[in-house]
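Worksheet: the structure to be examined is printed underneath.
The values are calculated or read from the model by the stated rules, or taken from the named source; none is laboratory data. No experiment lies behind these values; they were computed from the predicted model shown. No Cβ is skipped: glycine too gets one built from the backbone with ideal geometry, and neighbour counts run over all protein chains shown. Please note that ligands, DNA and RNA were not included when accessible areas were found on the heavy atoms of the full protein model with its side chains. Shrake-Rupley method; radii C 1.70, N 1.55, O 1.52, S 1.80 Å.
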Amino acid sequence: MGKATLTIAIGGTYDGKAMEKAEKALQNLNAEAARHAGGMSQSFMTAGDSLIKLGANMQSTGDKIASFGTSITKATAPIAGIGAAAVKMAADYENAVAKVYTIMDKHVMTTEEMSKSILDLSTATGKSATELADATYQALSASVSTEKVAGFVEDSVKLAKAGFTETATAVDTLTTVINAYGYSADDAQMISDKLVQTQNKGKTTVDELAQSIGQVIPTAAAYNVNLDNLCSGYVALTKQGINTANATTMLNGMMTELADSESAVNIGLKEMTGKTFGELMASGMSLGDVIQLLSDAVGGNSEEFANLWGNVRAAKGALAIANGGAQEFNETMAQMADSTGLVDAALEDLATPMSKANKAINAMKNTGILLGEEIIGAAVPSLEKLSEMAQDLYKWFSELDEGTKQNIVRMGALAVAIGPAV
């Protein structure tokens, strides 16, 4: 084929041999480019693999560091939790015992000795130290002396357990009886035994008695109706289905009317005995004996006996005692006098495995209180310094102008936003 010339649209010509040379040269160029490109691709692939391996190694190392950190956190978290709980228990206890310090006689014992005696009693009885600190304050407020308060609170705890009530309630009841009858803190155990005997013989509990007995104690003490008589009166009434609150009202009304110089029952007693109700009680007669005299005076007629009383509730209470008779009432009084040791016996019956477990748990809590006090003591210098710094910071910030305060707030918000991202 000879030389051929082709006119193209742009006005040039086509030379076949020249085009073949150009195509070959282009093929060579493409091959060379491919060769170089393959080498560069391989280099990039090698570098990428290295980077991937480096990243994997870094992630592995990071995972190990994170795992180590998690292990440390798991190990220290319980310790931190114990420390926080100990500080909380110690703070609650210190707040409670601080009230005791304000009214105790520091010439008798130091605050440290008082705190230790409360903790020791808590560990021995299983009652919380904070509860006993409150009970101690209550007892001191009710005129129990500092030197005797520990023993008194211990007796109160025993009564609370045997009488199914709270320590504070037991303290209140015992101090009410002590103050009304002129007893001392040394008589707390004797009073407790009589109250538990009332619980055993009547249809009542020490907790129920505690809610009401304060309303009748002043009346009984004023007219020489001793504790044995009063407790026997509760037994006589509650045994017949009268609840403790109503029994209290009946006993109070009965004794008030018996002592009223213008009442029929008072006048009748004077005519028969020549003595007032208070004088008869002081002479050793029982409340049951007095009621029996009045019942015998009307031949045992219940209707006529009820008509002797101006107060309906007093009449019902007197009828309940008369129905049981003076003999039964006096037998109950004898049991009151012979009630020594009943609280301790009740506590032995209540010493269940669960109560022992609770006692052990409480002992551990008291250890926590001691630990918390040490932590607080160690932290006090730092806390005092922190308090000073906080006060200085407050003073500085409060004296800034409003614009500066707003800028600080904005910067703080910015820091809050940046923190998680970093």
(1) in contact with a Leu (Cβ under 7 Å, 6 or more places away or on another chain); (2) at pLDDT 95 or above all hold for Ala306 apart from (2)
Can Tyr234 be described as among the aromatic types (Phe, Trp, Tyr), surrounded by 23 or more Cβ atoms within 10 Å (Cβ to Cβ) and at pLDDT 95 or above?
yes
Pairs needed: first member in the range 99-115, open to solvent by 60 Å² or more (accessible area, probe 1.4 Å); second member anywhere, among the polar types (S, T, N, Q); C-beta distance under 6 Å; at least 6 residues apart or different chains.
Asp105/Thr146; Val108/Thr146
For Ala421, indicate whether it is open to solvent by less than 80 Å² (accessible area, probe 1.4 Å) and either within 30 Å of Glu131 (Cβ to Cβ) or modelled with pLDDT under 75 (or both).
no
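Given the criterion within 25 Å of Gln189 (Cβ to Cβ) and of a type in the set (A, V, I, L, M), identify the matching residue among Ala345, Ala297. Let's see the steps before the verdict.
Numbers: Ala297 fails: within 25 Å of Gln189 (Cβ to Cβ).
Result: Ala345 is the single residue among Ala345, Ala297 that is within 25 Å of Gln189 (Cβ to Cβ) and of a type in the set (A, V, I, L, M).
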